[in-house]
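Student: Dropping the structure in here first, questions after.
The values are calculated or read from the model by the stated rules, or taken from the named source; none is laboratory data. None of the values given here were measured: they were computed from a predicted structure. Please note: Cβ atoms are built from the backbone with ideal geometry, for glycine as well, and neighbour counts cover all protein chains shown. The accessibility values were calculated without ligands, DNA or RNA, using every heavy atom of the protein model including side chains. Shrake-Rupley method; radii C 1.70, N 1.55, O 1.52, S 1.80 Å.
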Amino acid sequence: MTKQIMKPMDFKGIIPPVLTSFDAEGNIDEKAFREMIEFMVPHVQGFYPIGTYGCGPFMSIADRKKAAEILLDQVDGRVPVIIHVGAVDTQTAVELAKHAEEKGAAAVGAIAPYYTPLKEDEIYSYFKGIMDAVEIPLFAYNNPHISKQEMSPNLIARLAEVGLRGVKDSSFDLVNYYNYVRAVDQYEDFNVIIGTEAILNAAFQMGAQGAVTGVANVYPELIQELYQTVIAGDVEKANELQLKILKVREITKFGQTVPTMHAILEMRGVNAGLPKAPYMPVSQEVKDEVRAALEAMDLL
């Protein structure tokens with residue numbers, strides 16, 4: 001049977017950038033990882049693992065492949081999975097993309113190479129190399145705060161000319177999001193996904209169809225409620241929910257975001273394992289502050 005390849009515009013709704021679960025020695029905690037995935041899957045339309053929230057850059061190539069395999073097995077086709085394969089070099093990104101395709105990912109995503117400043121032609125070559133290696137869609141992941149690389153609307157337009165049909169924009173800049181949309185407006189099948197819950201409502205009002213949102217790791221049902229409210233056209237309620245989600249987002253930053261989310265999941269009765277070193281679990285003081293703030297919002 002020929003595998004049906006999803007089109008970029010098929011990726012819609014809430015797509016958490018999934019945390020990865022580790023044990024005290026830094027190994028993947030498979031039991032906790034599966035439990036966390038199962039906690040989220042009833043409330044979301046997809047997953048985006050092994051990226052910033054998933055500690056992908058902290059992991060070996062072997063562990064990145066293992067995490068992808070565990071998640072794909074646990075999801076078992078219930079929602080589409082976009083595996084993050086971004087790396088500092090093209091060869092590694094291509095290797096991870098081929099593995100993701102082989103194991104059944106619906107798409108791959110890749111941040112621009114980080115650490116070393118690159119010219120636009122070099123970033124273009126990196127993304128084109130990934131696209132040329134696989135048949136499944138690629139979502140170029142724009143996060144200049146992390147990658148230190150500027151992915152201009154012109155670069156996205158150039159990549160669109162050679163087949164790119166998806167972008168995950170985590171610039172936290174609504175104007176940049178609009179400029180991306182304008183840069184590819186000739187392609188009706190180009191999907192510009194917003195990469196944060198912070199401006200989710202505004203982006204969806206502008207036509208966004210999908211959101212990769214970190215808070216969906218800990219409150220997937222709340223983010224899903226906002227998504228459904230936007231779809232229903234209830235502007236007043238959507239605005240209220242957006243403000244509520246911004247408060248939750250602030251709470252997740254009482255400590256380092258990823259370790260704080262592990263702690264919140266524990267508070268919610270979910271075994272999410274530990275964050276990976278060099279991250280450290282948050283202190284009891286931070287846990288107490290987080291718990292008090294969430295209880296004040298009736299979220300615990």
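Student: List the number of the failed condition for G207; all other conditions in (1) surrounded by fewer than 20 Cβ atoms within 10 Å (Cβ to Cβ); (2) modelled with pLDDT of 95 or more; (3) assigned to a loop (DSSP other than H, G, I, E, B) hold.
Tutor: (2)
Student: Tell me whether region 46-64 contains one or more residues that are out of contact with any strand residue (DSSP E or B) (no Cβ under 9 Å at 6 or more places or on another chain), closer than 25 Å to P8 by Cα and assigned to a helix (DSSP H, G or I).
Tutor: No - not one qualifying residue is present in region 46-64.
Student: Can you pull out the residues in region 141-161 that are over 18 Å from P113 (Cβ atoms) and either crowded, with 21+ Cβ neighbours inside 10 Å or touching a residue at least 12 places away in the same chain (Cβ under 8 Å) (or both)?
Tutor: At the first step, the residues of region 141-161 found to be over 18 Å from P113 (Cβ atoms) are 153-154, 157, 160-161.
Matches in region 141-161: P153, N154, A157, A160.
Student: Do the conditions hold for T116, that is, is it touching a helix residue (DSSP H, G or I) at 6+ places or on another chain (Cβ under 7 Å) and either of a type in the set (V, I, T) or surrounded by fewer than 17 Cβ atoms within 10 Å (Cβ to Cβ) (or both)? Walk me through it before giving the result.
Tutor: Working: touching a helix residue (DSSP H, G or I) at 6+ places or on another chain (Cβ under 7 Å): no; either of a type in the set (V, I, T) or surrounded by fewer than 17 Cβ atoms within 10 Å (Cβ to Cβ) (or both): yes.
In short, no.
Student: Does any residue in region 279-300 that is polar (S, T, N, Q) and part of a helix (DSSP H, G or I) come within less than 7 Å, Cβ to Cβ, of a residue that is open to solvent by 80 Å² or more (accessible area, probe 1.4 Å) and at pLDDT below 95 six or more places away or on a different chain, and which pairs are these?
Tutor: none
Student: Kindly check whether there is at least one residue in region 214-230 that is open to solvent by 80 Å² or more (accessible area, probe 1.4 Å) and more than 26 Å from A107 (Cβ to Cβ). Quick ask: steps written out before the conclusion?
Tutor: As a first pass, look at region 214-230 and keep what is open to solvent by 80 Å² or more (accessible area, probe 1.4 Å): 228.
Imposing the further condition that a residue be more than 26 Å from A107 (Cβ to Cβ) reduces the set to none.
No - not one qualifying residue is present in region 214-230.
Student: What pairs come up if the first residue lies in region 196-219 and is within 15 Å of A232 (Cα to Cα), the second is in a loop (DSSP other than H, G, I, E, B) and charged (D, E, K, R), and their beta carbons are under 7 Å apart, counting only those six or more places apart or on different chains?
Tutor: Q209/K12
Student: Can you name the residue in region 162-186 that is open to solvent by 20 Å² or more (accessible area, probe 1.4 Å) and part of a helix (DSSP H, G or I) and is also nearest to F127 (Cα to Cα) among such residues? Before the answer, list the steps.
Tutor: Within region 162-186, the first condition is being open to solvent by 20 Å² or more (accessible area, probe 1.4 Å), and the residues that meet it are 162-163, 165, 172-176, 178-179, 181-183, 185-186.
This time we only want the ones that are part of a helix (DSSP H, G or I), so: 174-176, 178-179, 181-183.
On the way: L174: 23, V175: 23, N176: 20, Y178: 21, N179: 20, V181: 19, R182: 20, A183: 17 Å.
Here the residue is A183.
Student: Here's a follow-up. Cβ-Cβ below 7 Å, separation at least six or inter-chain, first residue in region 100-116 and closer than 11 Å to V81 by Cβ, second of a type in the set (K, R) and buried (at least 24 other Cβ atoms within 10 Å of the Cβ): which pairs?
Tutor: Once the first residue is closer than 11 Å to V81 by Cβ and sits in region 100-116, its partners that are of a type in the set (K, R) and buried (at least 24 other Cβ atoms within 10 Å of the Cβ) give G109/K168.
Student: Among the residues of region 81-97, what is the count of those that are outside any helix (DSSP H, G or I) and open to solvent by less than 30 Å² (accessible area, probe 1.4 Å)?
Tutor: Initial filter on region 81-97 (outside any helix (DSSP H, G or I)): 81-89.
Filter once more, so that each one left must be open to solvent by less than 30 Å² (accessible area, probe 1.4 Å): 81-87.
Qualifying residue count, region 81-97: 7.
Student: On to the next question. Counting only residues that are modelled with pLDDT under 95 and either hydrophobic (A, V, I, L, M, F, W, C) or closer than 19 Å to N176 by Cβ (or both), how many does region 87-116 have? So that I can check it myself, show each step before the final result.
Tutor: So in region 87-116, the residues modelled with pLDDT under 95 come out as 114-116.
If we keep only those that are either hydrophobic (A, V, I, L, M, F, W, C) or closer than 19 Å to N176 by Cβ (or both) too, we end up with 114.
Here the count works out to 1.
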